[in-house]
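Peer 1: Dumping the structure here so I can ask a few things about it.
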Amino acid sequence: MNYISEKVPPVREDRLKACNAFGGSCCELARKGKKGCLNGVKRTFAQTQGCQLNLSLAILNTIRNAVIVVHGPIGCGGGSLSMAGVNKGFQKLRDPNAKGVIWLNTNLDDNDVVNGGEEKLRQAVLYAEREFRPEAIIVVNSCVPAIIGDDIDSILEDLQKQVNAKIVPVHCEGFKTKIMASAYDSVYHGILRNLVGRPEEEEKVVYEDELEVIKEKYRKSRTVNILNVSSMSRQDEEELIRLVKALGLEVRIYPCYASPDDFAYVGEAALNVSICATHDDYFVEHIKEKYGIPFVLRSIPIGIKNTNQWIMDIASFFGLEEKANKLIEVETKELKEALEPFKEQLKGKRVFLGGGEIRILSTAELLQSMGMEVIGLKGYHYDRFAEPLLDMIENNENIVFNVATGQPFEQANLLNRLKPDLYIGHIGTNGYTAKQGFPIFPLFGQSSIYMGYQGAYEIVRKIARVLRNPSFNRNFVGNSKLPYRDEWYEQNPFTYIDDSAAL
Amino acid sequence: MSKFIDRPRYVCALGGAIGTLKNLHRTIPILHAAAGCGGNISNALNYASGYLGSGYCAGQALSSSNVYEQEIVFGGEERLYEQVENTIKIMDGDLYFIVSGCMVEMIGDDIKSVAKRFQDRDITLLAADTGGFHGNFFKGYDIVLSTLFREFTVKTEVKNEKLINLWGIVPVQDVFWKGNLKNLKQLIEDLGYEVNTFFGEDETLDNLKNAGSAVLNVVVSDTAGIEPARVFEEVHGVPYISVPFPIGPHGTREFLTKIAERLGIEKAFADKMIKKHQARYFSYIERIADVYNDLDLQRYAIIVGDSSYAQALARFLSDDLGWIPELVVITDILTDEQKEIVRERFTNFESGLKPKVVFDTDTSSVKRHFRDVWPNNNGSRYYNSFSPAFILGSSFEKDLADELKVPHLSVTYPISNRVVMDRAYAAYDGAIRLTEDIFSALVANR
């Protein structure tokens, strides 16, 4: 894979044939996915979702010592308002002096739509440099400048000569893709082109001493980069670091909550370890191409099976299988004993999961291992990375799968039919699901642990707690109403998915 | 020419339109926009506004045409038609309202003509161009209200002499809007009038529909809602007055007196009512006469927020609470003419104080303005420091408060560190609530 010479990365509809509209069984999904006939499916009724700019900001807002410039009308990136004050706390877990997210919006108005917004972008970048002296100024481009033809790359190239901060253009215009996850490629594209790699002269002067060079080489051969995601917590990271260190390896964490200058050293590791293929494939493929660093991409360390596999994938690269086996054995034994007391309460409970394809499938596997029954899944999109995880799910021929970014109307209808005992969901739609009365546990959280063995225990422990008293949500039944007509619940939940244009 | 903004405290006109519509009873907004517009805006409306929640039909439930490259190239009107058609089938509401995002306006989609194609249906469907680049949240509020007054409110020659309409308290942007509307409504009801606020408790679309029979419109703002008031006057022949948002006895007395005068209410009657409210106010406030004076709880203050709150808070601190507001930073995007009107509000405090008032949209600037009004201690042994002090602003001001080591209360948008339901700061009751909140912050660590 090599798109790095391009200014703009391809979108995922094209690169991965990803789809975001489907309703049917897991089997049918896997079959159609393999045949590649999900691409191009659309909805004739749709609800709003996020765009790749929103999701790009989810990652970029975590970057320390950076200023984000949103080039667009005043609303673009406004979702960051919801992070006002909150995000600083998360950054501080990595650096006590962190300042929290600082963003500027170029405030394009009627006049700029006619005359172009280039001058405002220039002013914003210069202000960012002058006022904050950041390591990087990250410019995210929205729909409007793309249409009016602002040439942001040339402007920023020109500005780079005047400012010390590294300027990182991120092309994430919302209208270009239905697949929000294209954002990950847009962000990594900007990082790869502008932050990764050390300046040449620096490489020459460091480690002149021969012994130091050897030591450094050894260190590098034992170092892995773990690629985190913005929906993870610091505790998740700590758990993964603990597990990898137990193999005798060194760990560095990218990209979330890193500082821009840290990316210079991405190439100085033996292996890139992803926890989510949806998040990282673009990045690890390119790093492999550029630095020859191999990667592990197969599984997410959620649930026992997947965590074991994740550890084993790393270990086998370094020839540490024996050590890994021991670690897995000790960890799983202790964990299984700890989980045992919850089994009786959870056994047979019917659960529906909604969110990112990788997370829902791995979490579903964990819940099945606890004796819970998975009755339905909703993936925000679907592509080939979900296939191996889908195979891991028992009884998958009987599980309904809805591919939908948000689209709570389809889900409301489905849940009304399926009546699960528990709903595990992505932020954004949980409020509406609550009004249907179902007990809810959030699929992820930036303040809780979900990953590794510790995470598996925490997920189970918390679900057990949620189910002990679901009164809060249940009370909404009869007291709150969703905006759908009664007739909607009688229709097929996938009525508005139109596959006539499918490729 | 407008400029970039450092951490803007508002989303775009489309956001204002959605924020306004989502808080109207049984109203279904239909977005004709790119897929991310609604999602992005929902985060700002919900999590940055005291955890307002998704509402009846907003958040991720918002109906949206989600236009992509194909529509941008070939036009999106047919996609919108299909979306409206299906929205009506699925969504249960009394009013459907199409609002547009930047992209579809730039390619020239005519949403009003699409709306016209539904004329013969048994539904009410309106449309307004609300592309984000037209302005910020306040602009969206104005556009939606103007459209509703022009096209939804029924024209009538029959006036109800005891009915008035009140707006200008902008939902979401005033995080305490619902409680504030309730407080102001109750005050005017005490004068013997019925009041439509459209967004208040127990109000429905009928309040909006029947608003044309009112005898007066009260716009509780110097800037927001003025344009809709002009539209209202033009279409329905109902005049308006603009009154500043009141917090506390001084501001509220002026508020009531102005309205009473305009309505021709006998002065003695209005005064009697003011006296009654004031007595109640002091029956509570006198409780803190002890602690205020035992612990010397007078404070210097910095106020940061929109023009409505800025003047109301400054006046309350200055004339009611007896504090020293030194700096007021107004973060709205205003015209020079609007700035003059707003500036006037800070010139007649009874205390004689004249806080420095600056108009600046940039969050980082607050600190710079503070340094201007309060010079640093240049190593001198005796320094008249800015202490003890308090900051009233948004969640953004927490950083400044931490830096100056002073307490802080989030009262202006964005508010992500408080949960707000029917709490209100308007008028007499609101001032009691605000006093509780401010002084609770002061005694929290005793």
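Peer 1: Check off (1) in contact with a Gly (Cβ under 8 Å, 6 or more places away or on another chain); (2) not assigned by TED's automatic domain parsing to the domain that holds B:ASP306 for B:ARG446 and give me the number that stays unchecked.
Peer 2: Status for B:ARG446: all satisfied but (1).
Peer 1: Taking the conditions exactly as written (hydrophobic (A, V, I, L, M, F, W, C), over 20 Å from the mean Cα position of the chain (by Cα) and part of a loop (DSSP other than H, G, I, E, B)), does A:LEU482 satisfy them or not?
Peer 2: Working: hydrophobic (A, V, I, L, M, F, W, C): yes; over 20 Å from the mean Cα position of the chain (by Cα): yes; part of a loop (DSSP other than H, G, I, E, B): yes.
For A:LEU482, the condition - hydrophobic (A, V, I, L, M, F, W, C), over 20 Å from the mean Cα position of the chain (by Cα) and part of a loop (DSSP other than H, G, I, E, B) - is met.
Peer 1: Provide a single number: the residues in the range B:21-59 that are within 7 Å of another protein chain (Cβ to nearest Cβ) and of a type in the set (A, V, I, L, M).
Peer 2: Count: 7.
Peer 1: Out of everything in the range B:119-144 that is part of a loop (DSSP other than H, G, I, E, B) and among the β-branched types (Val, Ile, Thr), what residue ends up being nearest to B:TYR10 (Cα to Cα)?
Peer 2: Going residue by residue through the range B:119-144, those that are part of a loop (DSSP other than H, G, I, E, B) are B:119-124, B:129-131, B:135.
So of that shortlist, the ones also among the β-branched types (Val, Ile, Thr) come out as B:123-124, B:130.
Details: B:ILE123: 32, B:THR124: 29, B:THR130: 15 Å.
The qualifying residue nearest to B:TYR10 (Cα to Cα) is B:THR130.
Peer 1: Select, from A:ASN398, A:ASN325, the only residue that is surrounded by fewer than 21 Cβ atoms within 10 Å (Cβ to Cβ) and either under 26 Å from the mean Cα position of the chain (by Cα) or free of Cβ contacts under 8 Å to residues at least 24 places away in the same chain (or both). Spell out the reasoning first.
Peer 2: Values: A:ASN398 fails: either under 26 Å from the mean Cα position of the chain (by Cα) or free of Cβ contacts under 8 Å to residues at least 24 places away in the same chain (or both).
Of A:ASN398, A:ASN325, the one residue that is surrounded by fewer than 21 Cβ atoms within 10 Å (Cβ to Cβ) and either under 26 Å from the mean Cα position of the chain (by Cα) or free of Cβ contacts under 8 Å to residues at least 24 places away in the same chain (or both) is A:ASN325.
Peer 1: A:LEU377 - would you say it is in contact (Cβ under 8 Å) with a residue 12 or more places away in the chain and either in a helix (DSSP H, G or I) or under 28 Å from A:LEU247 (Cβ atoms) (or both)? Spell out how you get there, then give the answer.
Peer 2: Values: in contact (Cβ under 8 Å) with a residue 12 or more places away in the chain: yes; either in a helix (DSSP H, G or I) or under 28 Å from A:LEU247 (Cβ atoms) (or both): no.
When the stated conditions are applied, A:LEU377 does not pass them.
Peer 1: On to the next question. Counting only residues that are within 19 Å of the chain's Cα centre (by Cα) and at pLDDT 90 or above, give me the helices (runs of 4 or more DSSP H) lying completely in the range A:11-78 with at least 3 of them. Can you show your working first?
Peer 2: Values: elements: A:12-15, A:26-35, A:52-60.
Counting at least 3 such residues, we get A:52-60.
Peer 1: Okay, next question. Assess whether B:TYR425 counts as being within 20 Å of the chain's Cα centre (by Cα), in contact (Cβ under 8 Å) with a residue 12 or more places away in the chain, part of a loop (DSSP other than H, G, I, E, B) and within 11 Å of another protein chain (Cβ to nearest Cβ).
Peer 2: Numbers: within 20 Å of the chain's Cα centre (by Cα): yes; in contact (Cβ under 8 Å) with a residue 12 or more places away in the chain: yes; part of a loop (DSSP other than H, G, I, E, B): yes; within 11 Å of another protein chain (Cβ to nearest Cβ): no.
It is false that B:TYR425 is within 20 Å of the chain's Cα centre (by Cα), in contact (Cβ under 8 Å) with a residue 12 or more places away in the chain, part of a loop (DSSP other than H, G, I, E, B) and within 11 Å of another protein chain (Cβ to nearest Cβ).
Peer 1: Let me ask something additional. Hey, could you check the range A:140-169 for residues that are touching a strand residue (DSSP E or B) at 6+ places or on another chain (Cβ under 9 Å), closer than 30 Å to B:VAL67 by Cβ and charged (D, E, K, R) and say which is farthest from the other protein chains (Cβ to nearest Cβ)?
Peer 2: The residue in question is A:ASP153.
Peer 1: Still on this structure, please answer the following. All but one of (1) more than 12 Å from chain B (Cβ to nearest Cβ); (2) crowded, with 19+ Cβ neighbours inside 10 Å hold for A:ASN469, so report the exception by its number.
Peer 2: (2)
To keep it simple, each residue is scored yes or no on (1) basic (Lys, Arg); (2) in contact (Cβ under 8 Å) with a residue 12 or more places away in the chain; (3) farther than 18 Å from B:ASN136 by Cβ.
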{"site": "A:VAL67", "(1), (2), (3)": "no, yes, yes"}
{"site": "A:VAL70", "(1), (2), (3)": "no, yes, no"}
{"site": "A:SER82", "(1), (2), (3)": "no, no, no"}
{"site": "A:ILE102", "(1), (2), (3)": "no, yes, yes"}
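Peer 1: Return the total of residues in the range B:60-75 being at the interface with chain A (Cβ under 10 Å from one of its Cβ atoms), more than 13 Å from A:GLN49 (Cα to Cα) and either among the aromatic types (Phe, Trp, Tyr) or touching a strand residue (DSSP E or B) at 6+ places or on another chain (Cβ under 8 Å) (or both).
Peer 2: 0
Peer 1: Keeping to the range B:1-42, report how many residues are assigned by TED's automatic domain parsing to the domain that holds B:VAL104 and surrounded by fewer than 24 Cβ atoms within 10 Å (Cβ to Cβ).
Peer 2: The total comes to 3.
Peer 1: Could you please give the count of residues in the range A:408-429 that are within 15 Å of A:PHE352 (Cα to Cα), surrounded by 20 or more Cβ atoms within 10 Å (Cβ to Cβ) and under 21 Å from the mean Cα position of the chain (by Cα)?
Peer 2: 6
Peer 1: Quick one: which residue in B:SER394, B:SER387 is out of contact with any helix residue (DSSP H, G or I) (no Cβ under 7 Å at 6 or more places or on another chain), among the polar types (S, T, N, Q), exposed (fewer than 15 other Cβ atoms within 10 Å of the Cβ) and closer than 13 Å to B:ILE302 by Cβ? First the steps, then the outcome.
Peer 2: Details: B:SER394 fails: exposed (fewer than 15 other Cβ atoms within 10 Å of the Cβ).
Exactly one of B:SER394, B:SER387 is out of contact with any helix residue (DSSP H, G or I) (no Cβ under 7 Å at 6 or more places or on another chain), among the polar types (S, T, N, Q), exposed (fewer than 15 other Cβ atoms within 10 Å of the Cβ) and closer than 13 Å to B:ILE302 by Cβ, namely B:SER387.
Peer 1: In this structure, does B:GLN83 turn out to be free of Cβ contacts under 8 Å to residues at least 12 places away in the same chain and over 19 Å from A:TYR432 (Cβ atoms)? Can you show your working first?
Peer 2: Details: free of Cβ contacts under 8 Å to residues at least 12 places away in the same chain: no; over 19 Å from A:TYR432 (Cβ atoms): yes.
No: the conditions fail for B:GLN83.
Rundown of residues vs (1) surrounded by fewer than 21 Cβ atoms within 10 Å (Cβ to Cβ); (2) touching a helix residue (DSSP H, G or I) at 6+ places or on another chain (Cβ under 6 Å), yes/no style:
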| site | (1), (2) |
| --- | --- |
| A:THR433 | no, no |
| A:PRO442 | yes, no |
| A:GLY452 | no, yes |
| A:VAL460 | no, yes |
| A:ARG465 | yes, no |
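Peer 1: Then there's this: Which of the residues belonging to the range A:273-322 are more than 19 Å from A:TYR184 (Cα to Cα), crowded, with 24+ Cβ neighbours inside 10 Å and in contact with a Gly (Cβ under 8 Å, 6 or more places away or on another chain)?
Peer 2: Correct list: A:PRO301, A:ILE302, A:THR307.
Peer 1: If you don't mind, another one. Just checking, how many residues over the range A:168-191 are among the β-branched types (Val, Ile, Thr) and either touching an Asp or Glu at 6+ places or on another chain (Cβ under 8 Å) or without any contact (Cβ under 8 Å) to a residue 24 or more places away in the chain (or both)? Don't jump to the end; show me each part of the working.
Peer 2: Narrowing the range A:168-191 to residues among the β-branched types (Val, Ile, Thr): A:168, A:170, A:177, A:179, A:187, A:191.
Of the ones still in play, those that are also either touching an Asp or Glu at 6+ places or on another chain (Cβ under 8 Å) or without any contact (Cβ under 8 Å) to a residue 24 or more places away in the chain (or both) are A:177, A:179.
Total meeting the criteria: 2.
Peer 1: Right, something else. Right, A:ALA277: touching a Leu at 6+ places or on another chain (Cβ under 8 Å) and at pLDDT below 95 or not?
Peer 2: Numbers: touching a Leu at 6+ places or on another chain (Cβ under 8 Å): yes; at pLDDT below 95: yes.
The answer is yes for A:ALA277.
Peer 1: Now for a separate question. Given the conditions (1) surrounded by fewer than 24 Cβ atoms within 10 Å (Cβ to Cβ); (2) at pLDDT 95 or above; (3) touching a Lys or Arg at 6+ places or on another chain (Cβ under 7 Å), which single one is not true for A:ALA136?
Peer 2: (1)
Peer 1: Please list, ordered by first then second residue, the pairs with beta carbon atoms under 7 Å, 6 or more apart or interchain, first in the range B:96-108 and within 12 Å of chain A (Cβ to nearest Cβ) and in contact (Cβ under 8 Å) with a residue 40 or more places away in the chain, second surrounded by fewer than 24 Cβ atoms within 10 Å (Cβ to Cβ) and in a helix (DSSP H, G or I).
Peer 2: Taking only residues 6 or more apart or on different chains, the pairs are B:TYR96/B:ILE88; B:MET103/A:ILE147; B:MET103/B:ILE72.
Peer 1: Return the only residue of A:LYS92, A:LYS17, A:LYS35 being more than 14 Å from chain B (Cβ to nearest Cβ) and free of Cβ contacts under 8 Å to residues at least 40 places away in the same chain. Full working, then the answer.
Peer 2: Numbers: A:LYS92 fails: more than 14 Å from chain B (Cβ to nearest Cβ); A:LYS17 fails: free of Cβ contacts under 8 Å to residues at least 40 places away in the same chain.
Exactly one residue qualifies, and that residue is A:LYS35.
Peer 1: Can you tell me which residue within the range A:355-374, out of those that are part of a loop (DSSP other than H, G, I, E, B) and among the small types (Gly, Ala, Ser), is farthest from A:LEU297 (Cα to Cα)?
Peer 2: Let us first name the residues in the range A:355-374 that are part of a loop (DSSP other than H, G, I, E, B), namely A:356, A:370-372.
Imposing the further condition that a residue be among the small types (Gly, Ala, Ser) reduces the set to A:356, A:371.
Working: A:GLY356: 16, A:GLY371: 28 Å.
Among those that are part of a loop (DSSP other than H, G, I, E, B) and among the small types (Gly, Ala, Ser), it is A:GLY371.
The values are calculated or read from the model by the stated rules, or taken from the named source; none is laboratory data. Note that the structure is predicted; figures quoted are calculated from it, not measured. No Cβ is skipped: glycine too gets one built from the backbone with ideal geometry, and neighbour counts run over all protein chains shown.
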